[in-house]
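For reference, the structure discussed in these notes is given below.
The values are calculated or read from the model by the stated rules, or taken from the named source; none is laboratory data. This structure is a prediction, so every number in the text was calculated from the model and none was measured. Neighbour counts run over all protein chains shown; Cβ positions are idealised from the backbone, glycine included.
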Amino acid sequence: MPTPDPMDELDRELFGESTPASRARSILTNAVPMAAATLVDLASNGTSERTRLSAADAILNRVLGPVGKDEAQDTLADFLKSIEHIAQGDRQEK
């Protein structure tokens, strides 16, 4: 009789009897906050303009959707208006 693989036992302890695909989805879902933080960090602190632009583009596409859709344009316009209001409020308080 073959010796049980310790990794199989660990898998069962961590994930139960789920399928490999559902375990992979769980692992990736748990990594979403780190991935989002990494994109924000790259957009803010990337060492090249290309890196910063690429990260910013990825963020905007995921939050607003593809550019050119009316809904995305409305969302972007609302977002920009809210930033203007915040900036004006900050200037008035100073």
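For (1) at pLDDT below 75; (2) over 30 Å from ASP8 (Cβ atoms); (3) hydrophobic (A, V, I, L, M, F, W, C), each residue gets a yes or a no:
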residue	(1), (2), (3)
ALA21	no, no, yes
VAL32	no, no, yes
ALA36	no, yes, yes
LEU42	no, yes, yes
SER48	no, yes, no
ASP57	no, yes, no
ASP70	yes, yes, no
LEU80	no, yes, yes
ASP90	yes, yes, no
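Taking segment 44-53, which residues are assigned to a helix (DSSP H, G or I) and surrounded by 15 or more Cβ atoms within 10 Å (Cβ to Cβ)? Explain how you work it out, then say what you get.
Filtering segment 44-53 for residues assigned to a helix (DSSP H, G or I) gives 44-45, 49-53.
Listed by number, the list holds a single entry, ARG52.
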